[in-house]
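Asks: The following block contains the structure, expressed as structure tokens.
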Amino acid sequence: MKVLFITWDGPQTNYLEGLFIPIFVGLKSKGMDVEIIQFTWATDDRIEITRNKCREHSIPYTVQRIIHKPKVLGALVSVLIGIFFARKYLQSHKVNVLLTRSILPSLISIWASRRMPNINLVFDGDGLPYDERVDFSGLNPSGLVYRLMRDEESQITRVSKSVITRSAISADILHARAGANTKRSKFYVANNGRDTDQFTPMNLEHGRKVRFQLDWPEDCPMLVYAGSLGAQYCESQMIKFFKMVSEQNENTRWLILSGDAKRSEALKNSCGTLSTNVVTMQVDSERIPYYLSAADLGMALRKPSFSMKAVSPIKLGEYLLCGVPVIATGGIGDTESMLDESIGFLADTESSHSLLSAAKWFNHKVLPSRATYRSACRERGLKYFSLDATVETYEAAIQHALTE
């Protein structure tokens with residue numbers, strides 16, 4: 001069976017190699033061969049990293065350049081070109097399932113597969129991207145762009161034979177938007193699973209080794225943040241929390257792992273006199289577990305909003321599988337149902353008192369019982385974020401599409 005995956009990604013994202021390629025490798029072991037078309041405006045170097053990763057796993061990978069400027073007109077032209085290109089691809093390849101991630105690739109997929117009854121559409125509704133732009137980028141919810149994209153979202157949800165979401169509430173939202181005639185049984189919830197052999201706890205000696213490499217005291221408390229940066233990721237609250245922890249333990253250090261070097265440095269410099277206790281790094285996705293497994297606490301704060309109900313924070317699973325307790329935010333996907341104080345602290349990012357309570361929890365409960373927390377986090381991570389469980393969900397959604 002052949003599956004074609006179509007995605008539309010910005011220049012700094014590594015979702016393909018970090019999240020989807022491991023899923024596709026798992027699907028291959030189940031008799032499903034995945035090919036990829038990626039629409040992107042990333043640099044040649046960024047594309048080559050992805051290409052090499054696909055080549056490593058014998059996954060056919062095709063790049064289509066997005067015309068990024070002017071933004072709206074460029075996207076429209078890119079979609080029109082993409083429809084023509086994807087249709088030719090479908091005509092020349094024996095594709096059984098068209099798996100499309102997010103809204104613009106869905107628009108391309110619907111038109112490219114018209115009058116092709118042998119193509120079974122599966123929509124990977126990874127979040128609510130245009131609601132996210134309303135929440136964080138000032139997109140007008142009454143404007144033309146939002147209304148058109150909402151219509152397209154509802155259309156792809158209706159016509160797809162299976163729909164994959166990142167949270168139960170996201171499935172409810174998309175189902176409601178699609179209308180009463182849309183079957184609820186075609187929705188599948190898949191967390192962002194990770195390779196449990198790659199993301200795994202390490203011993204104390206490993207922690208000392210990493211601290212030595214960072215030129216830190218071998219026994220210093222180590223906070224870590226891994227992922228994208230921006231206002232929605234509560235940068236100011238992370239700084240405040242770091243300062244609160246440091247006030248209680250001056251040896252505390254903070255490692256920031258992000259592909260956005262400029263924002264990472266700005267975040268570090270905003271720590272003032274504590275900036276000397278902060279290190280920022282850009283590392284390949286394969287190296288992230290090496291650093292996470294050395295940490296004592298992972299930061300997974302995010303600004304609560306309507307759109308955030310539909311996400312599954314990748315870093316949450318990575319932290320837990322590496323045995324790292326977390327400070328997280330309620331109202332983000334299904335996070336609240338997964339966490340309790342045996343593995344994490346749900347903080348109110350608008351409350352200094354809540355952040356202070358989290359700092360005390362870390363210093364007075366986590367650090368003295370680090371081994372206990374490590375074991376509990378690993379167990380919870382295996383329950384909710386194993387790659388095997390995610391692969392099984394994708395397999396079930398694809399099989400459902402083939403039998404509908």
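Asks: So Arg263 clears everything in (1) touching a Leu at 6+ places or on another chain (Cβ under 8 Å); (2) closer than 30 Å to Val159 by Cα; (3) in a helix (DSSP H, G or I) except one condition, right? Which one?
Replies: Result: Arg263 fails condition (2) only.
Asks: Among (1) at pLDDT below 95; (2) more than 18 Å from the chain's Cα centre (by Cα); (3) crowded, with 17+ Cβ neighbours inside 10 Å; (4) not small (Gly, Ala, Ser), which single condition is Thr403 missing?
Replies: Answer for Thr403: the failing condition is (3).
Asks: Could you give me the residue pairs with C-beta distances under 9 Å whose first residue belongs to segment 200-218 and is under 15 Å from Arg378 (Cβ atoms) and modelled with pLDDT of 95 or more, whose second residue is surrounded by fewer than 17 Cβ atoms within 10 Å (Cβ to Cβ) and among the small types (Gly, Ala, Ser) wherever it lies, and which are 6+ apart or on separate chains?
Replies: Pairs that qualify, where the first residue is under 15 Å from Arg378 (Cβ atoms) and modelled with pLDDT of 95 or more and the partner is surrounded by fewer than 17 Cβ atoms within 10 Å (Cβ to Cβ) and among the small types (Gly, Ala, Ser), are Pro201/Ser375.
Asks: Mind listing whichever residues of segment 266-303 are assigned to a loop (DSSP other than H, G, I, E, B) and closer than 22 Å to Arg166 by Cβ?
Replies: Initial filter on segment 266-303 (assigned to a loop (DSSP other than H, G, I, E, B)): 270-271, 282-284, 293-296, 301-303.
Listed by number, the residues that qualify are Leu301, Arg302, Lys303.
Asks: Looking at segment 100-158, which of the residues that are part of a loop (DSSP other than H, G, I, E, B) and small (Gly, Ala, Ser) is nearest to Val3 (Cα to Cα)?
Replies: So, considering only residues that are part of a loop (DSSP other than H, G, I, E, B) and small (Gly, Ala, Ser), the one nearest to Val3 (Cα to Cα) is Ser113.
Asks: Moving to a separate point now. Picking from Arg147, Arg114, Arg133, which residue would you name as being touching a Ser or Thr at 6+ places or on another chain (Cβ under 9 Å) and surrounded by fewer than 22 Cβ atoms within 10 Å (Cβ to Cβ)?
Replies: The match here is Arg133.
Asks: Is there any pair with a first residue in segment 59-87 that is part of a helix (DSSP H, G or I) and a second that is at pLDDT 90 or above and of a type in the set (D, E, K, R) whose Cβ atoms are under 8 Å apart and which are 6 or more apart or on different chains, and what are they?
Replies: Short answer, once both residue conditions are applied: Ser78/Arg65.
Asks: Let me ask something else about it. Which residue pairs have Cβ atoms closer than 7 Å, lie 6 or more positions apart in sequence or on different chains, and pair a first residue in segment 364-387 that is under 19 Å from Leu223 (Cβ atoms) and of a type in the set (A, V, I, L, M, F, W, C) with a second residue that is in a helix (DSSP H, G or I) and at pLDDT 95 or above?
Replies: Listed pairs, sorted by first residue: Val366/Tyr373; Cys377/Leu320.
Asks: OK, next. Counting just the residues of segment 304-327 that are among the hydroxyl-bearing types (Ser, Thr, Tyr) and part of a loop (DSSP other than H, G, I, E, B), which one comes out surrounded by the most Cβ atoms within 10 Å (Cβ to Cβ)?
Replies: The extreme case among them is Ser312.
Asks: Right, here's the next one. So, Leu355, is that one at pLDDT 95 or above, closer than 21 Å to Leu204 by Cα and either among the polar types (S, T, N, Q) or part of a helix (DSSP H, G or I) (or both) or not?
Replies: Details: at pLDDT 95 or above: yes; closer than 21 Å to Leu204 by Cα: no; either among the polar types (S, T, N, Q) or part of a helix (DSSP H, G or I) (or both): yes.
Spelling it out, it is not the case that Leu355 is at pLDDT 95 or above, closer than 21 Å to Leu204 by Cα and either among the polar types (S, T, N, Q) or part of a helix (DSSP H, G or I) (or both).
Asks: Does Ile169 fit the bill of being of a type in the set (Val, Ile, Thr), at pLDDT below 95 and buried (at least 18 other Cβ atoms within 10 Å of the Cβ)?
Replies: No: the conditions fail for Ile169.
Asks: If you don't mind, there's one more thing I want to ask. Determine, yes or no, whether Ala294 is buried (at least 17 other Cβ atoms within 10 Å of the Cβ) and either of a type in the set (Gly, Ala, Ser) or over 19 Å from the mean Cα position of the chain (by Cα) (or both).
Replies: yes
Asks: Cβ contacts < 8 Å: first residue closer than 25 Å to Phe199 by Cα, restricted to segment 264-286; second residue among the small types (Gly, Ala, Ser) and in a loop (DSSP other than H, G, I, E, B), any location; separation 6+ or different chain. Result?
Replies: Ser264/Ser258; Thr280/Ser258; Gln282/Ser258; Gln282/Gly259
The values are calculated or read from the model by the stated rules, or taken from the named source; none is laboratory data. For clarity, every value in this text was computed on a predicted model and none was experimentally measured. Note that each Cβ is placed from the backbone with ideal geometry, even for glycine, and that neighbours are counted across all protein chains shown.
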